[in-house]
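The values are calculated or read from the model by the stated rules, or taken from the named source; none is laboratory data. As the structure is a prediction and not an experimental result, all values here were calculated from the model. Note that each Cβ is placed from the backbone with ideal geometry, even for glycine, and that neighbours are counted across all protein chains shown.
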Amino acid sequence: AQLLENAPAPAEAAETARRGLALALVELASGNDEHAAEYALAASEKLSDAHAQAGGSTIAVLSRFAVPASGLPARALALAARAKKLLGKTDEAAKLRARALTLAPRAPDLLLEETEHALLSGDLAAATRACEQAVAAAPEAPDLEARLGSLYLVGGKLEEAQACFEKALRLGAVDPLVFRDLARTLLARGKRTEAQEALERARDRGLDLVLHAEMRRELARSLGKKEEERAWLERLVAARPVDLELRRSLADMLAATNPAAAAEQYEAILRVDPVDAEALRASVRLAIEGLRAGTAFPGVVQARLKVARARLPEDRDLRALSGRLLLLIGNTEEALAELEGALDGAKVRSPDALFDRAIARMRLSSTTQGAREMMRAMTEAIAAADGKTVIAAFLKEAQGLALDSKQRALSRVALEALVQAAPRSHEARIACLTHLAELKDWKALKNAAEQALRDFPEDRVFFDFQARAEKEIAK
């Protein structure tokens, strides 16, 4: 305002233009977006008419805003576009930006604004093109070079990104984030030693402790140093105690080696967000695993599950975990009902729930209908996860049933169902034939061995089973 008051009065149009531009800046800084947009539009229109006759005094006043005289109309339009965007009028903002770039197609600051707009729109390719043009217009600007490098990094152009960051540093960039991004690029290219050196240079130049810890964690993970990664993750959690995603990552990492510490992290998440679905499920899952390992009491696990289901009564995963708990404590029929309820109508069916349902089916009656349902449940569980691992677990369950004389008939049904569910599993065939031999059902053994030879014609093991059965039948 003082500059405007002291300036010699120029032509009327130019005076209106520069007052409008000044007022637009003031209004935008004050958060009055609507007024800022209108003032900037008025300024740009008047300035376009008056620029040629404005005179030295107007140019001098406007230059005090660090706006080059040759770019005045374009920058006024860009200011109006920014205000319109803040108001949510994206179409009008886009038209104003296009007019600004038409007037000043090589203005680096306008091209950079276009870069950021394209990024907000999710168009990485357009953002990269605009930033490349900005760098071409100002090839000695380290900040522009670094910005282009960050776009290349996001786009997976690692070699180009590295070249940009290195050039930015040669041009005198001092921002530690440039060193950090260079380290990230080098790490992505597999150059771990160089990445570590760049990261230390970033730290020496004042890189934020949290950002440094994030990169050290990333570096440790790439090197496979689990303990070091965990240590840096713990530092990050201490620095950002309400960052739930960090806590979740730490809890997930601790779950396999230190369930108690993992449970503490999940509880910390739930203190901040009592209905965090992932934390509730993980907390119950850990408790069930504790019961399986003998480190938790059934009542404690049931209480935790009850609280979780009260908070998320419609959650299918929690219902499936309820089925797992019931299965673990021997309530097989109730467990099956819970698991069927969790799976029925689900868009995405949990592999764990499918597995647990198959186990429940294996433990129930050995009727013909039950055998068909068991085979179907096994087939779905095998298809949903790593087949070999699931088949091995089913074999273990069936062999466990066989240890109980009262359950041997059920074990037989389970093994025969498993052979139908996984006809190419050599292990399942061997287990089934072995069990039939133990039961001394030689006719069934002979038929099963002949079927195995049709499926595995060159396998001598099945010839031996067939020969033994025939020998016993002939006695």
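Side notes on the structure shown:
- Some residue of region 98-107 being of a type outside the set (Phe, Trp, Tyr), surrounded by 17 or more Cβ atoms within 10 Å (Cβ to Cβ) and under 33 Å from the mean Cα position of the chain (by Cα): no
- Taking every residue in region 367-396 that is farther than 16 Å from residue 412 by Cα and pairing it with any residue that is outside any helix (DSSP H, G or I), at least 6 positions away or on another chain, the pairs with Cβ-Cβ distances below 6 Å are 382/422.
- Of the helices (runs of 4 or more DSSP H) lying entirely inside region 267-329, the ones with 2 or more residues being loosely packed, with under 15 Cβ neighbours inside 10 Å are found at 277-293, 298-311.
- Residue check: residue 260 meets all listed conditions (1) at pLDDT below 95; (2) part of a helix (DSSP H, G or I); (3) under 22 Å from the mean Cα position of the chain (by Cα); (4) among the small types (Gly, Ala, Ser) but one, namely (3).
- Identity of the residue in region 137-178, of a type in the set (A, V, I, L, M) and either in contact (Cβ under 8 Å) with a residue 40 or more places away in the chain or part of a loop (DSSP other than H, G, I, E, B) (or both), that ends up surrounded by the fewest Cβ atoms within 10 Å (Cβ to Cβ): 174
- Scope region 213-225; condition in contact (Cβ under 8 Å) with a residue 24 or more places away in the chain and either of a type in the set (Val, Ile, Thr) or not in a loop (DSSP other than H, G, I, E, B) (or both); matching residues: 213, 215, 218, 219, 222
- Within region 444-475, being surrounded by fewer than 22 Cβ atoms within 10 Å (Cβ to Cβ), assigned to a helix (DSSP H, G or I), among the hydrophobic types (A, V, I, L, M, F, W, C) and under 51 Å from the mean Cα position of the chain (by Cα) holds for 453, 461.
- Selection of region 419-443 for residues being under 38 Å from the mean Cα position of the chain (by Cα) and either on the phi > 0 side of the Ramachandran plot or outside any helix (DSSP H, G or I) (or both) yields 422, 423, 424, 425.
- Pair list, Cβ under 8 Å, 6 or more apart: region 434-459 residue more than 20 Å from residue 422 (Cβ to Cβ), other residue of a type in the set (A, V, I, L, M, F, W, C) and surrounded by fewer than 17 Cβ atoms within 10 Å (Cβ to Cβ): 442/473; 443/473; 446/473
- Counting residues in region 239-249 that are touching a His at 6+ places or on another chain (Cβ under 9 Å) and in contact (Cβ under 8 Å) with a residue 12 or more places away in the chain gives zero.
- Single unsatisfied condition, residue 381 versus (1) out of contact with any Phe, Trp or Tyr (no Cβ under 6 Å at 6 or more places or on another chain); (2) modelled with pLDDT of 95 or more: (1)
- Flag for residue 140 being touching a helix residue (DSSP H, G or I) at 6+ places or on another chain (Cβ under 8 Å) and not small (Gly, Ala, Ser): no
- Residue tally, condition over 19 Å from residue 372 (Cβ atoms) and assigned to a helix (DSSP H, G or I), over region 392-418: 11
- A Cβ distance below 6 Å, combined with a sequence gap of six or more or placement on separate chains, defines the contacts here; from region 311-340, residues that are touching a residue at least 12 places away in the same chain (Cβ under 8 Å) and farther than 18 Å from residue 374 by Cβ reach residues that are among the basic types (Lys, Arg) and assigned to a helix (DSSP H, G or I) in the pairs 317/281; 318/309.
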